[in-house]
1. Consider Arg105 carefully, then state whether it is touching a strand residue (DSSP E or B) at 6+ places or on another chain (Cβ under 9 Å) and on the phi < 0 side of the Ramachandran plot.
2. Looking at the range 53-80 only, could you name the residues that are out of contact with any helix residue (DSSP H, G or I) (no Cβ under 7 Å at 6 or more places or on another chain) and not in a loop (DSSP other than H, G, I, E, B)?
3. Looking at the range 108-129, which of the residues that are polar (S, T, N, Q) and outside any helix (DSSP H, G or I) is farthest from Ile68 (Cα to Cα)?
4. Somewhere in the range 99-122, is a residue modelled with pLDDT under 90 and of a type in the set (Gly, Ala, Ser)?
5. Would the range 122-130 turn up any residue that is of a type in the set (Lys, Arg), touching a strand residue (DSSP E or B) at 6+ places or on another chain (Cβ under 7 Å) and within 30 Å of Arg61 (Cα to Cα)?
6. Any chance the range 3-21 includes a residue that's small (Gly, Ala, Ser), modelled with pLDDT of 55 or more and buried (at least 20 other Cβ atoms within 10 Å of the Cβ)?
7. State the number of residues belonging to the range 158-183 that are at pLDDT 85 or above, of a type outside the set (S, T, N, Q) and either under 10 Å from the mean Cα position of the chain (by Cα) or surrounded by 18 or more Cβ atoms within 10 Å (Cβ to Cβ) (or both).
8. Output the residues belonging to the range 135-157 that are open to solvent by 30 Å² or more (accessible area, probe 1.4 Å) and under 29 Å from Ser63 (Cα atoms).
Amino acid sequence: PRRAMERRYTAAQWSARLSSDGGTDPASVPRLFVSGDRSQVGKSSCCLGILATLVERLGYRASEIAYIKPATQCEATQLVARYCAARGIECVPIGPVVYVSGFTREFLAGNTKSSTEMAEDVRQAVDKLCARPGRRLVVVDGVGFPAVGSIVGLSNAELATAAKAPVVLVCPKGVGNAVDSFNLNRVFFEH
């Protein structure tokens, strides 16, 4: 998971990466993993804001961006998925890993795919979105708080590593709480 926070980009570096015309080499397409310090902090709303800004303000074509939620606890349709559908943005609202009730017990009993197999499914799903001609960015939405899924070896840090994406960490508003939350959760992604 340490690799999840290793790639640090300046605004100029991100601008240069996003100004490329994409390509069919999945490794060349920027990915951005959006995680949060807790559930319901606004991860999906931030993903929606990123996508909307790219399309409505920066002039990206829908075909140049994509969205995926590779692991989820909620199978209900989210606003970001509705936005993608309305704008023609390729969207995978429910990825290869769904933490349904009883999933952990099934995993521990050996009745599911292994952690390695699930991480590979995530990598392949993200790479598939990145492989589209002209793709310039794939936004990857985290699940719950950073450690969600850690019992099965797929915390947000492991998901970000599988997706080969740097992490944006969404924290609460304020000063002290925001800085404290960032510092606590940053350490999780670095180790």
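The values are calculated or read from the model by the stated rules, or taken from the named source; none is laboratory data. Being a predicted model, the structure only gives us computed values, none of them experimental. Heads up, the Cβs are rebuilt from the backbone with ideal geometry, glycines too, and the neighbour counts pull from every protein chain shown. Surface areas here come from the heavy atoms of the whole protein model, side chains and all, with no ligands, DNA or RNA. Shrake-Rupley method; radii C 1.70, N 1.55, O 1.52, S 1.80 Å.
1. Values: touching a strand residue (DSSP E or B) at 6+ places or on another chain (Cβ under 9 Å): no; on the phi < 0 side of the Ramachandran plot: yes.
No: the conditions fail for Arg105.
2. Thr53, Leu54, Glu56, Arg57, Ser63, Glu64, Thr72
3. Asn111
4. So far as the range 99-122 goes, no, none of its residues is modelled with pLDDT under 90 and of a type in the set (Gly, Ala, Ser).
5. Looking for residues that are of a type in the set (Lys, Arg), touching a strand residue (DSSP E or B) at 6+ places or on another chain (Cβ under 7 Å) and within 30 Å of Arg61 (Cα to Cα), one finds none in the range 122-130, hence no.
6. Looking for residues that are small (Gly, Ala, Ser), modelled with pLDDT of 55 or more and buried (at least 20 other Cβ atoms within 10 Å of the Cβ), one finds none in the range 3-21, hence no.
7. Of the residues in the range 158-183, 12 are at pLDDT 85 or above, of a type outside the set (S, T, N, Q) and either under 10 Å from the mean Cα position of the chain (by Cα) or surrounded by 18 or more Cβ atoms within 10 Å (Cβ to Cβ) (or both).
8. Answer for the range 135-157, where residues must be open to solvent by 30 Å² or more (accessible area, probe 1.4 Å) and under 29 Å from Ser63 (Cα atoms): just Arg136.
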